[in-house]
Amino acid sequence: MISVGDFIADLLNPDLAFLPKAVLMAVMSSVVCGVIGCHVVLRGMAFIGDAVAHAVFPGLAVAFVLQGSLVLGGAVAGVATAVLVAVFSQNRRLREDTIIGVFFVAAFALGIVIISRAPGYAGSLQHFLFGSITGIPDEDVVIVAVGGTILLLGVFLLHKEFVAVSLDREMARSAGLPVLWLDLALYVMVTLAIVLSVQTIGNILVLALLITPAATARLLTDRLGMMMLLGPVLGATSAVVGLYLSWSLDLPAGGTIVLVSTAGFLLAWVLAPRHGLLVRKVRGRRAMGPVAVERVAVPAGG
Amino acid sequence: MTAVGTRVPVTREPGPPALQVTDLAVELGGRLVLHDTDLAVRAGELVGLIGPNGAGKTTLLRSVLGLVPTRSGTVQVDGRSGGAASSRIGYVPQRHEFAWDFPISVEDAVMSGRVRRVGWMRRPAVADYRAVRQALDRVRMTDLRRRVVGELSGGQRQRVLVARALALQPSVLLLDEPFTGLDVPTQELLTDLLVELCAEGGALLMTTHDLTGAMHTCSRLCLLNRTIVANGPPEELTDPDLWMRAFGITGGSPLLRALGLVQATA
């Protein structure tokens with residue numbers, strides 16, 4: 001295992017130019033996903049994120065076969081699936097998660113069929129599924145930087161509308177907000193965040209960038225603003241620590257990042273200042289009983 | 001403030017009603033849920049909308065809000081219809097409609113009611129903060145304004161929802177079963193608040209299943225079963241026949257005895 005100092009030296013080594021690029025990509029993806037993930041976690045739409053992540057796959061496959069832009073292909077497929085889910089969910093006979101279950105497996109299956117027609121498909125399949133953070137072209141770095149900035153701007157501009165819909169759909173609708181369009185906008189943003197991050201971490205693990213840091217942030221604070229700040233910070237930290245461990249121990253980058261992020265989540269679960277396992281245990285003993293625990297809420301939020 | 005009685009006096013003055021529903025018919029899934037429904041609520045009135053499950057109470061509220069398409073009829077607020085009408089309505093939904101686990105403070109939750117007023121891509125202005133502050137004052141939640149909504153009791157949550165509706169400074173307040181799930185002292189606090197809002201010139205329409213409470217509190221009751229079966233001050237609705245028709249019950253029902261409409265047979 002190499003030291004942190006050696007890692008920094010490697011980052012600055014011009015022969016290892018792919019390494020700082022990998023760190024940059026992982027951090028940018030984590031920041032974008034960490035912010036958008038807060039909405040995903042609070043609205044309980046993790047399954048939609050999963051669906052979109054899988055649905056992106058046929059788009060990537062088509063782009064690969066046609067030698068086109070992976071980002072564009074993935075975005076088209078993901079957005080198409082997100083729109084299909086949103087529209088089909090208007091039929092109240094089937095629940096939304098059922099609709100998602102139908103479409104995302106279908107999209108993934110389509111991806112497998114398409115990519116099987118391409119030559120040398122086993123290797124590229126692995127790239128899609130697990131990411132290839134070390135072989136990223138420069139133009140993709142620019143795409144992620146620009147796309148990520150636009151996404152963050154969009155989330156910022158629609159923030160209070162998203163919150164109003166998450167809080168109370170009926171009220172939002174009666175106040176005259178276009179709820180369906182706002183849903184679509186959020187789905188599309190989730191899709192784009194996933195597409196931008198797929199190359200870093202792969203199709204299967206990308207959900208972790210979206211969900212885990214935001215979930216950890218939720219454990220640590222009761223304030224939405226703080227949560228949306230902590231999410232990207234935690235995500236970016238996990239990305240850097242994960243890449244360091246991956247580089248020094250020769251572990252797969254995506255998997256290591258996700259495991260570091262998960263470790264952070266477990267740590268927060270136990271040690272969170274207000275709702276952590278440890279605090280509850282201590283408080284429970286002091287206050288003698290679960291009823292009293294609710295009352296000992298400290299007014300100052302995180 | 002405490003000198004207000006628990007009963008809202010009957011308003012008999014003429015003048016245009018704050019809320020006017022005329023000849024409303026609503027079809028849901030090919031079934032006529034409401035027909036020939038006329039309803040008016042004036043400023044200073046607390047009108048109780050009463051009827052069995054499936055009578056169309058919630059549908060009536062939702063059509064007033066413009067959430068369900070109507071087959072015929074008009075809804076007017078302060079003499080206006082369409083979007084101008086719905087922006088003058090404050091809606092207090094049932095408590096379970098709100099995501100109480102959301103990490104948001106009381107004052108921000110109340111501000112979320114004004115999201116359309118604030119406008120797209122804009123931040124709340126001084127007028128918005130002032131409206132939120134006044135709404136919180138009126139429901140006496142100012143002290144708890146920084147509290148996270150998830151830590152509130154049932155009664156406090158109901159008051160947050162009322163404040164969120166009041167933050168729009170509406171002419172009409174619609175409340176969907178505000179008393180359901182509250183204990184008696186909390187119900188009484190809420191009743192006092194509603195009575196106060198009426199005394200300040202609000203027009204309130206609420207659905208409720210608490211019939212005896214409604215008899216006691218409301219200035220007027222509307223018995224609904226697909227259409228308005230009866231409409232008047234509680235003391236005028238003494239004909240057991242009306243209640244039997246509205247609720248589809250027989251003369252022996254304990255409900256009629258509970259309401260004091262028939263004497264218990266010895």
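Computed from the coordinates by the stated procedures, all read-outs in this text should not be read as laboratory data. These numbers come from a predicted model, not from an experiment. FYI the Cβ positions are ideal-geometry reconstructions off the backbone, even for glycines, and counts take in every protein chain you see.
Global dimensions of segment A:149-257 from alpha-carbon coordinates: Rg and Dmax equal 16.3, 56 Å.
Let me make sure I get this right: for segment A:1-85, a, b and c are the square roots of the gyration tensor eigenvalues over alpha carbons, sorted descending. Under 1.5 in a/c it's rounded, otherwise prolate if a/b > b/c, else oblate. Which is it? If you can, show how the numbers build up before the last one.
Values: a/c = 3.69, a/b = 1.60, b/c = 2.31.
It is oblate, given that a/c is not under 1.5 and a/b is not larger than b/c.
Here r is the Cβ-Cβ distance between A:Leu267 and B:Glu188 and R0 is 45 Å; the resulting FRET efficiency, rounded to 0.05, is 0.45.
Computed from the C-beta positions of A:Asn13 and B:Ser87 and an R0 of 51 Å, the FRET efficiency is 0.25 to the nearest 0.05. Would you mind classifying chain A by shape? Square roots of the alpha carbon gyration tensor eigenvalues, ordered a ≥ b ≥ c; an a/c under 1.5 is rounded, otherwise it is prolate if a/b is larger than b/c and oblate if not. Oblate is the answer for chain A, as a/c is 1.5 or above yet b/c matches or exceeds a/b. Excluding same-chain neighbours fewer than eight residues apart, the aspartates and glutamates reachable from A:Lys160 by a Cα-Cα span under 19 Å are A:Asp168, A:Glu170, A:Asp183, A:Asp222, B:Glu97, B:Asp101, B:Glu107, B:Asp108, B:Asp128.
What does the structure give for A:221-230 when I average, per residue, the other chain Cβ atoms found within 10 Å of the residue Cβ? Each step should come with its number before you reach the end.
On the way: counts 2, 9, 6, 5, 3, 1, 1, 1, 0, 0.
Average neighbour count from other chains, rounded to a whole number: 3.
When DSSP beta bridges are restricted to pairs lying wholly in the protein assembly as shown, around 50% turn out antiparallel.
Entry note, chain B: relative contact order of 27 percent, from Cα contacts under 8 Å with a spacing of 6+ residues. Under 15 Å from a label point set 7 Å out along the Cα-to-Cβ vector of B:Glu200, the amide N atoms of segment B:130-148 belong to B:130-143. Taking the DSSP bridge list for chain B and keeping only pairs wholly inside it, about 50 percent are antiparallel.
Counts of other chain beta carbons within 10 angstrom of each beta carbon in peptide B:88-100 average 3. DSSP beta bridges fully contained in segment B:165-266 are about 45 percent antiparallel.
Which translational diffusion coefficient, to the nearest whole µm²/s, is obtained for the protein assembly as shown from the Stokes-Einstein equation, given a Kirkwood hydrodynamic radius over C-alpha pairs, 20 °C and 1.002 mPa s? Don't skip to the end; give the middle numbers.
Working: Rh = 26.7 Å.
Estimated diffusion coefficient is 80 µm²/s.
When +1 charges are put on Lys and Arg Cβ atoms and -1 charges on Asp and Glu Cβ atoms, the dipole computed for the protein assembly as shown relative to its Cα centre reaches about 640 debye.
Take every residue in peptide A:172-179, count the Cβ atoms of other chains within 10 Å of its Cβ, and give the average of those counts.
Working: counts 4, 5, 14, 13, 7, 3, 0, 0.
Partner Cβ neighbours, averaged per residue: 6.
Shape class of segment A:79-223 from the Cα gyration tensor (axes a ≥ b ≥ c, square roots of the eigenvalues): oblate, since a/c reaches 1.5 or more and a/b does not exceed b/c. Packing-based ranking of A:211-218, A:73-80 yields A:211-218, A:73-80, ordered from highest to lowest mean Cβ neighbour count within 10 Å. Projected label points at B:Arg133 and B:Asp38, each 7 Å from Cα along the beta carbon direction, are separated by 4.6 nanometres.
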